[in-house]
Amino acid sequence: ASGNGPTQVSVGIWIVDISKIDSAEQSFTAEVAVVLRWHDPRLAHTGSGIVRYPLEQIWHPRVAVVNETSSVSRKFPDYVEVEPDGTVNYRQRYAGAFTQPLRLRSFPFDRQTFHVQLVAVRYRPNEVTFVPDEDWIRNGLQRAGGIAPSITLPDWTVEKWETKPLTYALSPGFEYSGYTFEFTASRNVQHYILKVILPLVLIVMMSWSVFWIDPNTSNSQISIAVTSMLTLIAYRFAVDSQLPRLPYMTRLDAFFLVSTLLVFFSLIEVLVTTILDNKQQTERAKKIDRYCRVIFPTVFALASIAIFAHPRG
């Protein structure tokens, strides 16, 4: 707006609500209030009142949200309020889903960083610079931002947040001035421990009951092993809907794989002991059963520790 150096645009961002983080869609649904303030001496006027202009009638930094989806709506009309000294105030409230690539290797023990990124379309960092709003900082909002304490996000815990200027590269060599609000949240694992991991452990333990059944009763042994296998596969499909189709394994995937292999090997063990029993080698079959009573739980315990022991990613 002015010839002497970049126009300074002060920014205040307040996250009014975060209602959902969707891992399968790789997005989060939020309501974000943004206040932009800049000085334009050409709009200075006499009198003590505030003059309102439609945004398109005056110079403005053409701020857009980089990672908004088509569902994001603007709650306020596109008007600015100009103070007598030429200070321009623009307020907007964005509501909807924002895209966010997630790193899900540690799912469900994961911690993610989400951001709402603003960019001044058409303006380079030497033309427009974004700074935290001093008025907000004076009023006690550090770094001119924040998250409402009463957000409705049920399955995540917001740990920290920050605001910072960040240039946005539209393509190599085309860097536009930008500003981002980042917050880090960790997934609440209690739901997954109680509703996914614990039942999974019980299904695997159910498959071990074949090691205590006499090899003579092979029918009940095989039915237990097959039932465990089918239950595990059904369970797998139920949990899969919560994640996108990832090209890598998450921690929960690894746990499912170990569980499935152990249930499958218990089925193989039943077949081996049944064959031995049919060949009148009952004592040998019982010996294998006794070994498996120790080997299977030990392998399962060690594999579970290896998968879940290291901290959140």
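Is there a quick way to get the dipole size of the chain? I mean about its Cα centre, with the Cβ of Lys and Arg at +1 and of Asp and Glu at -1; what is the value in debye to the nearest 20?
I would put it at about 780 debye.
Hey, what's the chain come to in accessible area per residue, 1.4 Å probe, Å²?
Values: 16130 Å² over 313 residues.
Result: 52 Å² per residue.
With a ≥ b ≥ c taken as the square roots of the eigenvalues of the C-alpha gyration tensor of segment 137-212, please select rounded if a/c is under 1.5 and otherwise prolate if a/b is larger than b/c or oblate if it is not?
oblate
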*How big, on average over all directions, is the shadow cast by the Cα convex hull of segment 24-92, in nm²?*
5.3 nm²
*Note down the nm distance, to one decimal, between modelled labels 7 Å out along Cα→Cβ at F264 and at L198.*
2.9 nm
*Taking the simple approach of a point 7 Å from Cα along Cα-to-Cβ for both N278 and V158, what is their distance in nm?*
6.4 nm
*Model label zone, R103; criterion: amide N under 12 Å from point 7 Å along Cα-to-beta-carbon; scope segment 137-175*: none
_Lys/Arg +1, Asp/Glu -1 at C-beta; the chain dipole; positive extreme among A144, S177, I305_ = I305
_Spatially proximal lysines relative to K279 (Cα-Cα < 21 Å; intrachain offsets below 8 disregarded)_ = K287
_Theoretical ellipticity at 222 nm over the chain - DSSP helices of four or more residues, -39500 (n - 2.57) apiece, nearest 500_ = -10000 deg cm²/dmol
*So what does log10 I(q)/I(0) come out to for the chain at q = 0.06, 0.12, 0.16 Å⁻¹, using the Debye formula with one equal point on every Cα and no solvent?*
-0.37, -0.86, -1.23
*Would you list which aspartates and glutamates come within 16 Å of K160, measuring only between C-alpha atoms, while excluding same-chain residues fewer than 8 positions from it?*
D17, D110, E182
*Taking the Cα centre of segment 41-134 as origin, sum charge times position over the Cβ atoms of Lys and Arg (+1) and Asp and Glu (-1), and report the length of that vector in debye to the nearest 20.*
440 debye
*Using a cut-off of under 12 Å, list every residue of segment 87-106 whose amide N is near the label point 7 Å from the Cα of D135 along the Cα-to-beta-carbon line.*
87-91
_Carbon and sulfur %, accessible surface of segment 158-302 computed with the full protein complex present, 1.4 Å_ = 67 percent
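The values are calculated or read from the model by the stated rules, or taken from the named source; none is laboratory data. Please read these numbers as outputs of a predicted model, since none were measured by experiment. Because the Cβ atoms are built from the backbone with ideal geometry, glycine has one as well, and the counts that use them run over all protein chains shown. Surface accessibility is based on the protein's heavy atoms, side chains included, excluding ligands, DNA and RNA. Shrake-Rupley method; radii C 1.70, N 1.55, O 1.52, S 1.80 Å.
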